[in-house]
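The values are calculated or read from the model by the stated rules, or taken from the named source; none is laboratory data. What you see is a predicted model, and the numbers here were worked out from it, not measured in a lab. Please note: Cβ atoms are built from the backbone with ideal geometry, for glycine as well, and neighbour counts cover all protein chains shown. Note: areas computed on protein heavy atoms with side chains; ligands, DNA, RNA excluded. Shrake-Rupley method; radii C 1.70, N 1.55, O 1.52, S 1.80 Å.
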Protein chains: 2
Amino acid sequence: MPDTLKLAEYLLTRLHQLGVRSIHGVPGDFNLKLLDHVEPAGIHWVGNANELNAGYAADGYSRIKGIGALVTTFGVGELSAINAIAGAYAERAPVVHIVGTPPRSTQDARLRVHHTFGDGEYTRFAQMHAHVTVAQASLWDTQSAPEQIDTVLTQCVLHSRPVYIQVPLDLVDAPVDAGRLTWKPLSLDMTAPEATTPSQDLALSVVLQKIKTAKQPMILVDGETRALRIVDDVQNIVQTTNWPTFVTNFSKGLVDETPSNIHGIYRGSYDPKAKAFVDSCDLVLCFGPHFTTTNSAQSSAIPPKAATISFTDNEIQIGEQTYRDIPGQSAVSRLRKELSTLDLEPHSDYHSENNTISLASLSSTETITQAKMWRAISGFLRPGDIVMGETGTASYGIQELRLASHSRALAAVTWLSIGYMLPAAQGAALAQRELVASEGYNGLSQARTILFIGDGSFQMTVQELGTIIREDLDVIVFLLNNDGYTIERVIHGLYQKYNDVARWRYLEAPSFLGADAGVFTARVKTWGDLQNVFAAEEFTNGKGLRMVEIMLDREDVLEGPLMDLLLVEKKAATQVNGKA
Amino acid sequence: MPDTLKLAEYLLTRLHQLGVRSIHGVPGDFNLKLLDHVEPAGIHWVGNANELNAGYAADGYSRIKGIGALVTTFGVGELSAINAIAGAYAERAPVVHIVGTPPRSTQDARLRVHHTFGDGEYTRFAQMHAHVTVAQASLWDTQSAPEQIDTVLTQCVLHSRPVYIQVPLDLVDAPVDAGRLTWKPLSLDMTAPEATTPSQDLALSVVLQKIKTAKQPMILVDGETRALRIVDDVQNIVQTTNWPTFVTNFSKGLVDETPSNIHGIYRGSYDPKAKAFVDSCDLVLCFGPHFTTTNSAQSSAIPPKAATISFTDNEIQIGEQTYRDIPGQSAVSRLRKELSTLDLEPHSDYHSENNTISLASLSSTETITQAKMWRAISGFLRPGDIVMGETGTASYGIQELRLASHSRALAAVTWLSIGYMLPAAQGAALAQRELVASEGYNGLSQARTILFIGDGSFQMTVQELGTIIREDLDVIVFLLNNDGYTIERVIHGLYQKYNDVARWRYLEAPSFLGADAGVFTARVKTWGDLQNVFAAEEFTNGKGLRMVEIMLDREDVLEGPLMDLLLVEKKAATQVNGKA
């Protein structure tokens, strides 16, 4: 390692150390010189069509690889991406947002340049980002920059939340001390798992005591398990205990769904049998809770507090008692080890139905409805699949899927920004390919990313289908064409025009966006159509993009919350308009 | 007028009073009930494909109609649009950003709902908007709401800058007092033109004295003339004085370019002859100055201060002396009246070349280059055209056009957010159609919106071509396909991959996005191809969308700043890479 290197090289070396192998973004005059250093640092540059999409893609990438990054330009670029950064904050995706800013001389002189308001004020956009990132650095001198970078990246990893770094154009090539790269390596595992404190010892002893005496214990794995970087330990605990285990929208796929003690997503009051069981448990080990209303069946899936022990990023919560300053990684790692030496008492069991349907059993002339569709698609899934369900009916749908092992699922959790999932699929598929290529994907030598998305959402960020094509990613897109925003229709305005969207010819998208003539596309209306698609070798075992448009009725929604909403809206519409 | 009406009706009535006849936006669960009231208020709802695009469209609409509005939903929607709002601030577009927020009960209880960070904090996004809007209102009670709405809308009109209004879902249908609608009408003309103050009297007397004694006067019309709402008065002054008049990127089209005393855009040091003239003038009347570097040829087109009298939103600047609290509208209106009674002395004249080219004179087999293209296209332009040139080579190009009367031009000025211009064209074309329909478009019974846009920019916001189709707007799109970000290539990274974009099949866009089979599309490479397009009746006199892809070399840029940059980059590339 040389004594000094360029600031951009330092930053990119750090990202590389953390596992970043692709950076998303859009070029702009204040970041071009920074981009010169990306590929030489061994990092692939993905130019997205716009910055919001780049932010979404970096988010999707980060959820699979543990960290992601995007580069935008001052003002126009960074503000276009800011909603994606906010989403990464809300759902704990560790995304590094790097912004190329005007040279320090320009800022010092308060020049009235483009991408400003012409008032000499240059700090406005950083202030806006402070609301949606967990740490910020405005790099300004070569002495401080390395430590500032390290501090911010450490916060990104520890909190699994986005951070913000401004790099002035004239600082890109400035030499900085390389020393820290050697004496302070960074990695995604920053917590010393063995570190103990009296507080942690105390809390863990209480936890173990409750475990030893529990008669009807269970486990609830929520999605911040990913953010806490405790997925492997939790998987181990779920296996070791063999206790009944439920997941959430947010965590689906984080633990292997195939064993019989895994009972899928806990739907609270929408699943009275499961709720009765959960409410009667005397111990709920809850990992990475994230109890927003949309991730907890309107709070009905929050387990009773008295019986619950929650492991969060920095606390253990036992009933009403909070034990602070106990990093989740350390605590859960210790818990796993302790559990492996315990002889656990017999526990009450729970049984859930496997409600998958064989697609072959469905009448080939019958029209596709979501009531059966999701349960019929499970048979198509394979180990290693990343399955993504965009906010809308698709996100409710993928909750029904029975995933194969080593799968991941990304669904609507809290931010629910429609348009997110298509660029996120591009980022996730790229991260998946990198993991497969580096033999870091559970021994699998190939894998697919499968996106389910509604027509309205698809329109938001359609450009990134072009990036999927350009990057030749193995992505299957199921476009649910229900002629507008069905999710909004069932909430309000069932027959209102404002819930319509422009009618595109969706299957022309691959050709328009640059795909080869042979790209697989199909429109399906019946189970027979879908059977034919799944039987097509170039679809099921093909490479690159494949796209299927599923024609659905405007009011086709699943039983449960959406159907309940729909019935209310239909009734209201009848009363107001005399419409049926 | 009833004594009370619903809050949403009050807000929409106010917007209608101000001339808003279309609102752009995207539905979301927190704004759906608000949207119920849009069409009943006599306002057309334009559902855009995403919120950034809606913001851009509302901006484009506002620049033509004098005010625009968009509706988004809390968090995800409003943040997606925030870059468009920032651009409206930078370039003084009066856009009302209305955000549907969660019910007050939800906010009061700090519920962990979707579109939040799950931390009970609901004011974050409003704080972010305070950086990019000139006034904000978080409506919270029925007593204050009407006055708050009026105050914010007044600020929007007075400053010609965006404002921000939060409407909680449960307040939409709440009754508010209707009284203010009657006793305080709002309009776009809020300044009493006749209001005088001693300060204004003094300043105007100095101005008039300088006008009377000037031997070599001139006028520089800049783009804030639109924001100050003094276009008609300035047009009158330009005609009355017959003084040599220059414009800027920002103001092009605001004054009629056809008289011989109008000399187009003042390019400062890029036009030595003009600069010699300007520098020797003993009086420069400057209306609505906006001297960012990108709107003033890197500041070289700022006229000498000693000779300059500037009329801004609230000041008259005479040399080094600033006379404050003089609204531009009032001052310029008085100046116009005074000038109409003066016998002006003879003044020095200035002569500029008409450098347009007849397209017919160009060899039909010769490849199209921008060096001639813009000058050859002028002949195609008609009275009433709105001509738009997206940031990039297109924006430099349209500076070369000779506009017909009653035209408008929108070019890159200060914000320079690529992707802006296509949605802005949708908004502008809609505003144009409304003006034509209401016989408020200079007596013209039809008009066109003509967009010039590069391939990289087109990709950013391509969705809105679908909205242009859906709304059946009369828009001609010239897509300049130069295989990537040529504007970035000439700045830095001439041969770098990061300046490439995905290669789309651009002419498939209309079909993909829902156009009828008969939509006019053409790809042109030679002058002959372009001659054929202009000769095609369905193109030149057609309706709806028409799209022409112009194939250009990657390094095809105009003489001037871009060519200067290109030559520097070519030289640097030769030195570094040995490439020619």
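Identify all residues within the stretch B:501-513 that are more than 7 Å from chain A (Cβ to nearest Cβ) and crowded, with 24+ Cβ neighbours inside 10 Å; write none if there are none.
B:510
Checking residue A:189 against (1) over 30 Å from residue A:8 (Cα atoms); (2) modelled with pLDDT under 95: exactly one of these is not met. Which one?
It is condition (1) that residue A:189 fails.
Considering B:106, B:116, which residue is within 12 Å of chain A (Cβ to nearest Cβ), over 23 Å from residue B:85 (Cα atoms), touching a Phe, Trp or Tyr at 6+ places or on another chain (Cβ under 9 Å) and crowded, with 16+ Cβ neighbours inside 10 Å? Give the derivation first.
Details: B:116 fails: over 23 Å from residue B:85 (Cα atoms).
Matching residue, one of B:106, B:116: B:106.
Here is a yes/no grid of residues against (1) out of contact with any helix residue (DSSP H, G or I) (no Cβ under 8 Å at 6 or more places or on another chain); (2) of a type in the set (A, V, I, L, M); (3) at pLDDT 95 or above:
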position	(1), (2), (3)
B:309	no, yes, yes
B:317	yes, no, yes
B:322	yes, no, yes
B:330	no, no, no
B:335	no, yes, yes
B:342	no, yes, no
B:362	no, yes, yes
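Whether any residue in the stretch A:137-151 is within 14 Å of chain B (Cβ to nearest Cβ) and in a loop (DSSP other than H, G, I, E, B) is what I want to check.
No, every residue in the stretch A:137-151 fails to be within 14 Å of chain B (Cβ to nearest Cβ) and in a loop (DSSP other than H, G, I, E, B).
Filter the stretch A:300-322 for residues that are open to solvent by 10 Å² or more (accessible area, probe 1.4 Å), of a type in the set (A, V, I, L, M, F, W, C) and free of Cβ contacts under 8 Å to residues at least 60 places away in the same chain and give the result.
Residues satisfying the conditions are A:302, A:306, A:307.
What are the pairs with Cβ atoms under 7 angstrom where one residue, in the stretch B:16-40, is more than 7 Å from every other protein chain (Cβ to nearest Cβ) and part of a loop (DSSP other than H, G, I, E, B) and the other, located anywhere, is buried (at least 20 other Cβ atoms within 10 Å of the Cβ) and of a type in the set (Phe, Trp, Tyr)? Sequence gap at least six, or different chains.
Matching pairs, first to second residue: B:30/B:74.
Is it fair to say residue B:101 is over 23 Å from residue B:226 (Cα atoms), at the interface with another protein chain (Cβ under 8 Å from one of its Cβ atoms), open to solvent by less than 10 Å² (accessible area, probe 1.4 Å) and touching a Phe, Trp or Tyr at 6+ places or on another chain (Cβ under 9 Å)?
Details: over 23 Å from residue B:226 (Cα atoms): yes; at the interface with another protein chain (Cβ under 8 Å from one of its Cβ atoms): no; open to solvent by less than 10 Å² (accessible area, probe 1.4 Å): yes; touching a Phe, Trp or Tyr at 6+ places or on another chain (Cβ under 9 Å): yes.
So residue B:101 does not fit the description; no.
How many residues does the stretch B:514-537 contain that are within 14 Å of another protein chain (Cβ to nearest Cβ) and under 30 Å from the mean Cα position of the chain (by Cα)?
Count: 5.
With respect to the numbered conditions (1) surrounded by fewer than 24 Cβ atoms within 10 Å (Cβ to Cβ); (2) under 20 Å from residue A:27 (Cα atoms), which one is the sole condition not fulfilled by residue A:111?
The one condition residue A:111 does not meet is (2).
Given the criteria within 30 Å of residue A:188 (Cα to Cα) and in contact with a Leu (Cβ under 6 Å, 6 or more places away or on another chain), does residue A:325 qualify?
No.
Of all residues in the stretch B:460-500, count the ones that are in contact (Cβ under 8 Å) with a residue 40 or more places away in the chain, open to solvent by 10 Å² or more (accessible area, probe 1.4 Å) and out of contact with any Pro (no Cβ under 7 Å at 6 or more places or on another chain).
Count: 10.
Kindly provide the set of residues from the stretch B:41-74 that are open to solvent by less than 10 Å² (accessible area, probe 1.4 Å), aromatic (Phe, Trp, Tyr) and not in a helix (DSSP H, G or I), ordered by number.
Within the stretch B:41-74, B:74 is the sole residue that qualifies.
When both residues are 6+ apart or on different chains and their Cβ atoms are under 8 Å apart, which pairs have a first residue that lies in the stretch A:435-457 and is at pLDDT below 95, and a second that is acidic (Asp, Glu) and surrounded by fewer than 22 Cβ atoms within 10 Å (Cβ to Cβ)?
A:446/A:474
Would you check which residues across the stretch B:147-165 are open to solvent by 10 Å² or more (accessible area, probe 1.4 Å) and farther than 19 Å from residue B:61 by Cα and list them?
Going residue by residue through the stretch B:147-165, those that are open to solvent by 10 Å² or more (accessible area, probe 1.4 Å) are B:147-148, B:151, B:154-155, B:158-159, B:161.
Those that are open to solvent by 10 Å² or more (accessible area, probe 1.4 Å) and farther than 19 Å from residue B:61 by Cα: B:147, B:148, B:151.
Restricting the search to the stretch B:323-342, which residues are outside any helix (DSSP H, G or I) and open to solvent by 50 Å² or more (accessible area, probe 1.4 Å)? Can you show your working first?
Of all residues in the stretch B:323-342, those outside any helix (DSSP H, G or I) come to B:323-327, B:342.
Across the stretch B:323-342, the qualifying residues are B:324, B:325.
Does the stretch A:442-468 hold any residues that are farther than 15 Å from residue A:504 by Cβ, facing another protein chain (nearest Cβ under 10 Å) and not in a helix (DSSP H, G or I), and which are they?
Result: no residue meets the conditions.
Taking the residues in the stretch B:469-486 that are closer than 30 Å to residue B:367 by Cα and under 21 Å from the mean Cα position of the chain (by Cα) as candidates, determine which candidate is nearest to the other protein chains (Cβ to nearest Cβ).
In this case the residue turns out to be B:479.
Need a quick list: helices (runs of 4 or more DSSP H) entirely within the stretch B:479-580 having at least 1 residues that are among the hydroxyl-bearing types (Ser, Thr, Tyr).
Where helices (runs of 4 or more DSSP H) fall fully within the stretch B:479-580 and carry at least 1 residues being among the hydroxyl-bearing types (Ser, Thr, Tyr), they are B:486-491, B:509-512, B:537-540, B:561-577.
Would you mention how many residues in the stretch B:121-136 are over 18 Å from residue B:55 (Cβ atoms), in contact (Cβ under 8 Å) with a residue 12 or more places away in the chain and not hydroxyl-bearing (Ser, Thr, Tyr)?
Within the stretch B:121-136, residues that are over 18 Å from residue B:55 (Cβ atoms), in contact (Cβ under 8 Å) with a residue 12 or more places away in the chain and not hydroxyl-bearing (Ser, Thr, Tyr) number 0.
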